[in-house]
Amino acid sequence: MSDRADSTNTSVATPVRVATFAALRVRNYRLFFSGQVVSNTGTWMQRIAQDWLVLQITDSPLAVGVTTALQFLPMLLLGLWGGLIADRYPKRRLLLITQTSMGLLAAVLAILTLTGHVHVWHVYLIALGLGLATVVDNPARQTFVNEMVPHDLVRNAVSLNSGNFQLARMLGPAVAGVVISLVGSGWAFAINAVTYLAVLAGLMLMRTSELQKMPRPKRGPGQIREGLRYVRHQPQLLWTIVLVFFVGTFGYNFAIILSAYTKDIFRSGADLYGLLNTAMAAGSVVGALLAARRTTGRMSLLFFMSGAFSLMLVVLGVTPWLWIFVGLLVLTGLFSVSFNTLANSTVQLRTDPALRGRVMSLYMLVFMGGTPLGSLIVGWITERWGAPLALVLSGAICILASVGCAVIAARSTGVSLKVDLHKGADHHVTLVSGAA
């Protein structure tokens, strides 16, 4: 399936490639990227420490799922309003507010844990507070890239953002495992609180005169409905977002799965939990760097990556050997971030700039907002029947979603396959527009 079907025999253009780190030549983006490397590493330290702390307090994978659900529930309930705020107000100013709030919440959790006064309900409340800040932070941060770099570097910058996030995902769990083992979870939370200073410094040092101006919607009724209608009438946006919902809900529950594998399958502790997360992140970094060289992305590649990631979940679920499991996590991370990067950049680049915040908030709503449902379901299955079965079922659901969305998206855009097998002909496959 091709992105476009404008002619009877649709040709597929050779992807244009750019230097892997092209967007880093832009000063404002370089400041943003540098601050995010530090802050994201601290965030991943906190995520690992938070999951491990809850598991220590409750001895329940379901409780870990509840924590994850509370952190993502606000996105499910308020995500579209967060996107509207991101469209209406200066994104740099919004990020200064949200990042400060998240840093303060990390500091509170650190103090409670280090003083020995932390209870599971404290973790629940702070997770909910982080979720509320994320409602605005996510669409503002996702769309801010369009103001920092020129249009032809947006896909590169989105890929580098993913690589940034995954590099932090690789470093954060490894550091968290060491910190938790040596001095406890409280210091991991304290380190995370300090790392927010890096992203705040980067935002403050930006040259606002070099930020590209984006259109802002005028105040008026029906602006959220306007964003929903826009997506509904854009099949490639609609079915990408539908697929992201299924993958985000059932495929991205590794906090629950990997903590259960560490404790129940491999009978180990925080060090191994950090290693499993690091292995997956290592593959994700490679996937993000490969994606950064592309300035175009086909829908067919998007659905292929989704299917490959989904299949890896099933393969992981039937793999009982530790080091093979670790190796498969690397491949899973590569396919995961390739799909995520393609989906994110496709939605951003195909959306009207005046609606981008609302559309990206819908994207993040289904990607992260489905997590409360998915984490509760996967946590319940994990606790009742074990992590391997939970992985296999999750992968099977995502495979069905990948195939279904690919077929419906192809039909919606009028694209079909034509295979020429006539005797004496050059046997080849072409993409044919249904409108022809």
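The table for this structure:
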| quantity | calculated |
| --- | --- |
| Yes/no for Ala168 being in contact with a Ser or Thr (Cβ under 6 Å, 6 or more places away or on another chain), over 23 Å from Leu362 (Cβ atoms) and of a type outside the set (Ser, Thr, Tyr) | yes |
| Leading residue by the ranking (surrounded by the most Cβ atoms within 10 Å (Cβ to Cβ)) among those in region 347-356 that are at pLDDT below 80 and closer than 26 Å to Leu167 by Cα | Gln348 |
| Residue in region 227-265 that is farthest from the chain's Cα centre (by Cα), counting only those that are part of a loop (DSSP other than H, G, I, E, B) and crowded, with 21+ Cβ neighbours inside 10 Å | Asn253 |
| Count of region 98-126 residues which are of a type in the set (Gly, Ala, Ser) and not in a helix (DSSP H, G or I) | 1 |
| Single condition Ser159 does not satisfy, out of (1) closer than 28 Å to Val108 by Cα; (2) in contact (Cβ under 8 Å) with a residue 60 or more places away in the chain | (1) |
| Residue check for Ala69: touching a residue at least 24 places away in the same chain (Cβ under 8 Å), under 29 Å from Ile224 (Cβ atoms), part of a helix (DSSP H, G or I) and among the small types (Gly, Ala, Ser) | yes |
| Breaking point among (1) modelled with pLDDT of 85 or more; (2) surrounded by 24 or more Cβ atoms within 10 Å (Cβ to Cβ), for Val359 | (1) |
| Test: residue in region 93-105 that is crowded, with 22+ Cβ neighbours inside 10 Å, in contact with a Ser or Thr (Cβ under 6 Å, 6 or more places away or on another chain) and not small (Gly, Ala, Ser) | no |
| Lone qualifier among Leu311, Leu334, Leu355, Leu349 - being over 30 Å from Ile224 (Cβ atoms) and more than 16 Å from the chain's Cα centre (by Cα) | Leu311 |
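Here is a yes/no grid of residues against (1) closer than 22 Å to Tyr252 by Cβ; (2) of a type in the set (Gly, Ala, Ser); (3) modelled with pLDDT of 90 or more:
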residue	(1), (2), (3)
Leu167	yes, no, no
Thr195	no, no, yes
Ala198	no, yes, yes
Ala201	no, yes, yes
Leu205	no, no, yes
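So that you can scan it fast, the table gives a plain yes or no per residue for (1) of a type in the set (Asp, Glu); (2) within 23 Å of Asp137 (Cα to Cα); (3) without any contact (Cβ under 8 Å) to a residue 60 or more places away in the chain:
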residue: Ser336; (1), (2), (3): no, yes, no
residue: Leu342; (1), (2), (3): no, yes, yes
residue: Leu355; (1), (2), (3): no, yes, no
residue: Met368; (1), (2), (3): no, yes, no
residue: Ile381; (1), (2), (3): no, no, yes
residue: Leu389; (1), (2), (3): no, no, no
residue: Val392; (1), (2), (3): no, no, no
residue: Ala406; (1), (2), (3): no, no, no
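The values are calculated or read from the model by the stated rules, or taken from the named source; none is laboratory data. This is a predicted model, so every value here is computed, not measured. Quick reminder, even Gly has a Cβ in these numbers, built from the backbone with ideal geometry, and neighbours come from all protein chains shown.
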